[in-house]
Number of protein chains: 2
Amino acid sequence: MGGSGKPTISDVASLAGVSVSAVSKVVNGKSGISTATRERVLAAAAKLRWTPSATAVALRAARTRALGMVLRRGPGLPGTDPPFTLLVDGIERELTPRGYGLLLHVVGGEQGAEEAAYRRLAEEGRVDGVLLTGSRVGDTRFALLRDLGLPAVLVGTPWDDDPIPSVRATHPDRGIRQAVEHLLRHGHRRIAYLCGPGSRVHTHHRKRVFKEVLGENGFVPSPSVVDGDFTPAGAAVGVADLLAGPRPTAILFADDSMAVAGLSAARRLGVDVPRELSVIGHDDLPLSELVHPRLTTVRQDLVGLGQAAARVLLAALGEVEDAPVRVNPPELVIRESTGPAR
Amino acid sequence: MGGSGKPTISDVASLAGVSVSAVSKVVNGKSGISTATRERVLAAAAKLRWTPSATAVALRAARTRALGMVLRRGPGLPGTDPPFTLLVDGIERELTPRGYGLLLHVVGGEQGAEEAAYRRLAEEGRVDGVLLTGSRVGDTRFALLRDLGLPAVLVGTPWDDDPIPSVRATHPDRGIRQAVEHLLRHGHRRIAYLCGPGSRVHTHHRKRVFKEVLGENGFVPSPSVVDGDFTPAGAAVGVADLLAGPRPTAILFADDSMAVAGLSAARRLGVDVPRELSVIGHDDLPLSELVHPRLTTVRQDLVGLGQAAARVLLAALGEVEDAPVRVNPPELVIRESTGPAR
DNA sequence: GTGAAAGCGCTAACAG
DNA sequence: CTGTTAGCGCTTTCAC
C-alpha cells in the first residue's frame, strides 16, 4: 500500500488496474499480454519507480544474481594486490549489464578465515558462484568449492591438474618470450629472473617459460634464476645479491612492484638502468609509466581476463550462451628500462 | 527433503524432531527454548551444515545485510584508485564479523552510469546502505541517495554543507601541517603545492591548509600553489613548469602517485632529490617505500577511515550501538625524499 | 488474454 | 516451553 515503504508489485498492479501476475509477465517479457495492458503496466511501474525486489526474485528463483570473490589480505601482502583492480573492472563489465552484482569479501591471513568465508557464502546462499584469483601451489580452494557445490572459475593457471574451470590468455607465454628475446637481441647474455613467492602458481610457470626460451636459444639458464620467495620489499635484497656476484646485465622481475623496487635498489648501488642493467617488469600497472626510467614490462590483459572469467561463470550458470571473450596475449611493452648490453 | 539441494530450516527441524519455529528461535538466540531442544537443534544444524538462507532472511526482514559501494572508473582515472584497497580492508573488518557483505559496482565514466547504479541498488533493494568515497565539488550523490531513501555515509569531507553523515580523522590537518613545518624547519622558503583534480573536495581542503600553515609562519603562499588539475601523468608536466621558473626548493604533492611521477620528472631534468629539491607525497601507499629515494609522505589511516565509515553506517541501520572508532590523525612519515634546502 | 492461488525459506504472532 | 500459521514480494502453474 501507498505512502512510505518501497512499492511492491501489487502497488503497480492496482495502479495499472491489473493483476499481479500480469505485471510479472510484463516485466519478464512473457507472452500472453495485450499491448494495452503491457503499456498500462509499464506506465504504472515507471510512475512508481518500481523494479522487482532482488531479494524476492532471488528467493523465488533460488538464484541471487550475485557472484562472490574472497580476497586474502596479508600477512605481508599489500592489502589487495594492484592487478585486482583491473580484473574487477573487467568482471563488472560483464556483470553490470546483466544485473548481476559482485560481493566482495576481504579476509585476514588467519588460518581458516578464507575457508570460512567461502563456507558462509555457500551456506547462506549469498552468491551463485565465485571467481578465484591468485592460483596457489597446492590450492585447496577448488576442492572446497566443489564440496560446497559452489560453481567457480579461476583466473589463471590451475595448480597441478585441478579440474577447475579457468581462463587464460591465448598464447600465455608470449610476453615473457618476447621479453627474453628482446634482451637477447640487445646482446644480453647474463639474464637473471627474480621470481615471486613460491606459493603462487604463476611464479613457477613464468620461471619455466623463462628457462625454456633461454634454452631454445642455447643458453644455460639455471644459474640465472634466483630461487627466492620475493615480495616487492624482498626484491631489493635480491637485486643487491645479484649485483654483488658475477653481475647479470639484465633482470626480469615477477611483477611491476618488484621491478620498481629493483630499480631503486640498483640506483642505490650506483648501477645505472638501462646503461649498466636492463630491467623488465610484469603486468604493466599504471605505475610502470610513472617511474624513471619508465618500465619496460610484460603487459597482461587483466580487464579481458576478468571479463572472460565472468563470462565463463555466467555461462556455467546458464545466464549467457557461450563464452568467447578473447583475452589478448601478454605482450612486451618496451619503454626505457631496457637497452643494449654494455 | 533429503538428497541434493541445500538443506532448509524444515530439514533441520525434522532431523531434530522439533518444529521449524523452535529451530528459528535457537539460531536467533531467542528465549523460551529448553536446553535439551537447543542442543538437538544445534546438532542437527551442524550435521546438515545448515545456515539460514540469507535471501529468505532478507525477504522476511526487509534487510539484506549488505552494504554497497559504487566506484566510477576513468576516464583517465587509473581503474580504481589505490587508496580504495585499504579502505575496503577497513570496511570489511566491521562487516565480516557481523555477517554483512559488501556489494561492489564499478561503472564507466559515461553520463548517468553512476546514478543508474545507485538507482538500481536502491530500487532492487540489494543493499541496506552505501558507502561513498572521493567527495566531489558539487557532489550530487547525496541528494540522489536522499531521494532514493538509501542510507549513506561518506568517507572524507562533504562538499559545501551537504548534510551527509561523514567520517574524518581527528585533526585532519595535522599531516599537511607537519609536512610544511618539516620543510620550514629545514630552511625551505620556496615551497610549492601541486594539487590534484579540482573536482575533488580534498584538493581544495589540502590546498587551503597548505596556505594557512604557510601564512601562519609569515609566508605568502599564493605564487607557490600551482592551480592545475593534476593527475599522476599531469604531475610530470607540472613539475617541469615549476622547475623552469624561479625554482622552488620543495614540492608537496596531492598524492603519492603524483609524487612518484614528480620524482621521475625531476630526475629526468637532472634535478637531484632531495639535494636540490624536496618532495612530499600523500597517503603513504606501499609504493612510497619502493621508489628511490623513498618517499616522505603524509600517512592517512585509510583502514581506520574505512572501519569508521562502516560503523557509522551500521549504527544508522541500528545494527551496532555507537560508532566510536578512532581514526588516527594523518601524520608525516619522513623518509628520504626530503632534506635541507640547499 | 487474464487472474487466483500456491509456495520459495524464513520469522513472529499466537495458541496450546 | 512448543507447535501452527500467516505472510515478506515475487513467479508460475492452472483455471477461467
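What the table below lists for this structure:
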| item | result |
| --- | --- |
| Rounded to whole Hz, the Karplus (6.51, -1.76, 1.60) HN-Hα couplings of the range B:83-91, x for glycine and proline | x, 3, 4, 6, 4, 4, 4, x, 4 |
| Cα-centred dipole magnitude for the range B:174-299, charges only on beta-carbon of K, R (+1) and D, E (-1), debye, nearest 20 | 240 debye |
| Cβ-placed point charges (K, R +1; D, E -1), dipole of the range B:234-323 about Cα centre in debye, nearest 20 | 560 debye |
| Unit charges at the beta carbon, dipole of the range B:1-144: most positive-side option, B:VAL70, B:VAL20, B:LEU86 | B:VAL20 |
| Exposure proxy ranking, count of Cβ atoms within 10 Å, fewest first, for A:THR85, B:THR231 | B:THR231, A:THR85 |
| Most positive-pole-ward Cα, B:ALA122, B:SER34, B:LEU102, against dipole of chain B from beta carbon charges | B:SER34 |
| Label geometry 7 Å along the beta-carbon vector: B:ARG146 inter-copy distances in nm | 5.5 |
| Dipole moment magnitude, nearest 20 debye, chain A about Cα centre, only Lys, Arg, Asp, Glu C-beta charged | 740 debye |
| Residues with amide H under 5 Å from that of A:VAL107, placed H, sequence gap 5 or more | A:LEU71, A:ARG72, A:ARG73 |
| Cβ-based net charge around A:ILE164, under 13 Å, with every Lys or Arg adding one and every Asp or Glu removing one | -1 |
| Shape category assigned to chain A from the gyration tensor of Cα positions, a/c cut at 1.5 | prolate |
| Under 14 Å from the Cα of A:LYS6 - aspartates and glutamates, other chains or at least 8 residues apart | B:GLU123, B:GLU124, B:ASP128, B:ASP147 |
| Top positive-direction residue, dipole computed over the range A:174-299 with Cβ charges, set A:VAL180, A:PHE253, A:GLY270 | A:VAL180 |
| Cα pair distances exceeding 50 angstrom across the protein assembly as shown, given as percent | 19 percent |
| Other-chain or far-sequence residues with amide H under 5 Å of A:GLY99's (modelled H) | none |
| Residue with peak Gaussian network fluctuation, chain B [Cα springs, cutoff 10 Å], from B:VAL226, B:VAL320, B:VAL20 | B:VAL20 |
| Percent RCO, i.e. relative contact order, over the range A:157-268, from Cα pairs under 8 Å lying at least 6 residues apart | 30 percent |
| Residue of B:GLU115, B:GLU123, B:GLU39 that the Gaussian network model of chain B assigns the largest fluctuation, springs spanning Cα pairs under 10 Å | B:GLU39 |
| HN-Hα J in Hz across the range B:116-128 - Karplus 6.51, -1.76, 1.60, θ = phi - 60°, x for Gly and Pro | 4, 5, 5, 4, 5, 3, 6, 5, 7, x, 7, 9, 8 |
| Cα long-axis angle, helix A:302-316 against chain A (0 to 90 degrees, to the nearest 10) | 40 degrees |
| Candidates B:ILE33, B:ILE251, B:ILE91: whichever shows maximal mean-square fluctuation once chain B is modelled as a Gaussian network with Cα springs under 10 Å | B:ILE33 |
| Å³ per residue enclosed by the Cα convex hull of the range B:9-61 | 71 Å³ |
| Relative contact order of chain A, defined on C-alpha pairs under 8 angstrom at six or more residues apart (%) | 16 percent |
| Shape of the range A:164-320, Cα gyration tensor, a/c cut at 1.5 | prolate |
| Cβ-Cβ FRET estimate between B:LEU269 and A:VAL220, R0 fixed at 45 Å, reported to 0.05 | 0.60 |
| The range A:146-163 - phi-based ³J(HN,Hα) in whole Hz, Karplus 6.51/-1.76/1.60, Gly and Pro as x | 4, 4, 7, x, 9, x, 8, 9, 9, 8, x, 9, x, 6, 6, 10, 3, x |
| For the range B:106-159: rounded, prolate or oblate by the Cα gyration tensor [a/c cutoff 1.5] | oblate |
| Copies compared at B:GLY187 - label distances in nm, ascending, label defined 7 Å from Cα in the Cβ direction | 4.4 |
| Amide H partners (placed H, <5 Å) of A:VAL333, local residues excluded | A:THR297, A:VAL298, A:ARG299 |
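We did not get these values from a lab; they are worked out from the coordinates using the rules stated. Quick caveat, the model's predicted, so the values are computed rather than measured. FYI the Cβ positions are ideal-geometry reconstructions off the backbone, even for glycines, and counts take in every protein chain you see.
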